[in-house]
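Note sheet for the following structure.
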Amino acid sequence: MQADREDKKREEILDRATALFFERGISSLSMEAIAAGIGISKATLYKYFPGKEILGGAAIARRIDLLVARLDALDASSNANYPQRFQASFHAIDETIRPAIPVFMRDIMNDAPWLWAKIQSLRAEKVFPRLARLITEGRELGYVRSDLDAFVAATLTISLAEQIARPEFLLSLPIPPNQALQTVISVLLTGILSEEGRRLFDAVHFGSQNPVEVP
């Protein structure tokens, strides 16, 4: 029971710290400021995380683990067809990336390269292989172009989406940033679909703001 309470407290700290990082960035925050910002004592924060680098890395790892859990649940679901699972998977990625764009992503790329390296490592280890499997399945079903390498397609799709989704680019467009990111992802993904795949994906309104969610 004590271990369960400790794990729950640790997760609560990570969730609050992640929200704070998305709002204010991480490079300029001290551990004291982080503790104050998430409503706990500095001693409590140090009890669970002895330094900002460890806290930042753990927060990112938890965020990606939550995304991976969603992707795995979608992959295992029998309640939706392939186009619905495909769309819901990339919607989950969109929801993971989007809150970090205005402040956090710019901050870590400029001032916390160690954390950016952590994100890149975890993406390559946990996210890209799952997307590659999804794209491979689509290729076998005829939804995805047969001339594409699945892992390369997954890597390029997410990497290009993140580059295009930089705040300065999104804010320059004549539509709200969250709508712009969804549109960018939709355009990128339809580029990997076969002609038949695009027709079938249109039938489930691929790229809509309210994609099918699979429990």
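Points worth noting:
- Karplus (6.51, -1.76, 1.60) ³J(HN,Hα), θ = phi - 60°, over the range 34-48, in Hz, Gly and Pro reported as x: 5, 4, 5, x, 9, x, 10, 6, 4, 5, 5, 4, 5, 4, 9
- Counting every other Cβ atom within 10 Å of each residue's Cβ, Leu67, Leu141 order from fewest to most as Leu141, Leu67.
- Here Val187, Val68, Val127, Val144 are placed in order of increasing Cβ neighbour count within 10 Å, fewest first, which gives Val187, Val68, Val127, Val144.
- Part-to-part distance (alpha-carbon centres) for the range 1-66 and the range 114-138, which is given in Å: 24 Å
- Taking 0.36 nm per residue of separation and subtracting the Cα-Cα distance, full extension of the segment from Val187 to Ser78 would add 36.5 nm.
- Relative contact order [Cα under 8 Å, 6+ residues apart], the range 1-151, whole percent: 27 percent
- Taking other C-beta atoms within 10 angstrom as a stand-in for reagent exposure, Leu156, Leu74 fall in the order Leu156, Leu74, fewest first.
- Long-range HN-HN contacts of Val144 with modeled amide H, under 5 Å: Arg139, Ser194
- Computed from phi, the 3J(HN,Hα) profile of the range 75-86 under the Karplus parametrisation 6.51, -1.76, 1.60 (θ = phi - 60°) reads 4, 8, 6, 10, 9, 8, 7, 4, x, 5, 5, 4 Hz, with x in place of Gly and Pro.
- Out-of-range pairs (alpha-carbon distance over 22 Å; input Lys9/Lys126; Lys42/Lys118; Lys8/Lys47; Lys9/Lys52): Lys9/Lys126; Lys42/Lys118
- Evaluating 6.51 cos²θ - 1.76 cosθ + 1.60 at θ = phi - 60° for every residue in the range 57-64, the Karplus couplings come out as x, 5, 5, 5, 4, 5, 4, 6 Hz, glycine and proline recorded as x.
Each reported figure results from applying straightforward, stated rules to the coordinates on display, with no laboratory input. Only a predicted model underlies this, so the values are computations on that prediction, with no experimental measurement involved. Methodologically, a virtual Cβ is constructed for each residue, glycine included, from the backbone with ideal geometry; neighbour enumeration extends over all protein chains shown.
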